[in-house]
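For reference, the structure is listed below as structure tokens.
Computed from the coordinates by the stated procedures, all read-outs in this text should not be read as laboratory data. Computed from a predicted structure; not experimentally measured. Heads up, the Cβs are rebuilt from the backbone with ideal geometry, glycines too, and the neighbour counts pull from every protein chain shown.
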Amino acid sequence: MALAGKFICSISGIDCTGGFSPSLDAIVEGLGYAVPPIMALLFILDDEVVKLSPHARAIRDVEDEELRNFFYGMSPWQFILIVAASSVGEELFYRAAVQGALADIFLRSTDLVTDARGMASLTGVLPPYVPFAQAFAAVMTAALTGSLYYMAASPKDPTYIVAPVLKSRSGREDLKKLFAAWYERRQMKKIYSPLLEAILALYLGFEWIQTNNILAPIITHGIYSAVILGHGLWKIHDHRRRLHQRIQQLKQEGKNSSNL
């Protein structure tokens, strides 16, 4: 993604580093901006909230599925490497390249309106947005991020579903309710998975506008991913550990009862 971002920057003629400047201020800002989204998502993913809200349940399902399919079983060094690489690559692509190019297009509207071609023609069509070029570019980048994530990671509907043939009317009604609940949760997963990515992209986009240093959103992205994914992996491991203990306890109780 970083190479693709560099290619976009070379075409549009903007700085591919996104104003990168290693400084203490950027590190502090990156850490500070990471706190609100982390606290918000940890609250949503809490067990008690998940029990009460089907929307939180859908978000939890999305996170758990991603963890089980990709991150579960990784060594700590592999986990750190993947999180760091994705944070740097995505920020250089979405923020420095895509958002930077879109903002540059709108900021140069007065020069491009007379000879606008391709994407640059948008500045002539939407002149009222020119004063808000940075914010509008952040919104467009967030929408693009969510759309790409929807196409790439959205769960596909199964071709067919195998279900038992039930003779009783009550059994068929219960089966219909179970299927309806499953389908509703599946549709919510389709919505919330890209929506979370779009909201995070918008947040990081405005952070970059405020800090003018790509290092800050890179740090925020990395800390956010490490904490949320690490917390999810710990929860999965803890649930499996408790399940294993419960199974061993039941086996022991069965042995004791048979001896009596």
Potential extension, ALA85-SER10 segment - 0.36 nm per residue separation minus Cα distance: 24.8 nm
Using θ = phi - 60° and Karplus 6.51 cos²θ - 1.76 cosθ + 1.60, couplings along the range 6-17 (whole Hz; Gly, Pro as x): 5, 5, 4, 5, 5, 6, 7, x, 10, 6, 7, 8
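Place the peptides 18-24, 99-105 in order of packing, highest mean first, counting for every residue the other Cβ atoms within 10 Å and averaging per peptide.
99-105, 18-24
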Rotationally averaged projected area of the range 174-219 (alpha carbon convex hull; nm²): 3.7
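Just subtract the alpha-carbon distance of ASP25 and ASP47 from 0.36 nm times their residue separation and send over the number in nm, one decimal.
Working: separation 22, 0.36 × 22 = 7.92 nm, distance 3.58 nm.
So the chain would gain 4.3 nm between ASP25 and ASP47.
Once you list every other residue whose beta carbon is under 13 Å from the beta carbon of THR145, what net charge do they have if Lys and Arg are +1 and Asp and Glu are -1?
On the way: positive: ARG95; negative: GLU90, GLU91, GLU197.
It works out to a net charge of -2.
Using per-residue counts of other Cβ atoms within 10 Å, averaged over each peptide, order 74-87, 49-62, 227-240 from highest down. Please report the intermediate quantities before stating the final value.
Numbers: 74-87: 13.6, 49-62: 16.7, 227-240: 15.1.
Those peptides, ordered most packed to least, come out 49-62, 227-240, 74-87.
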Spin-label pair LEU243/LYS177, simplified geometry with 7 Å Cα→Cβ offset, distance in nm: 2.5
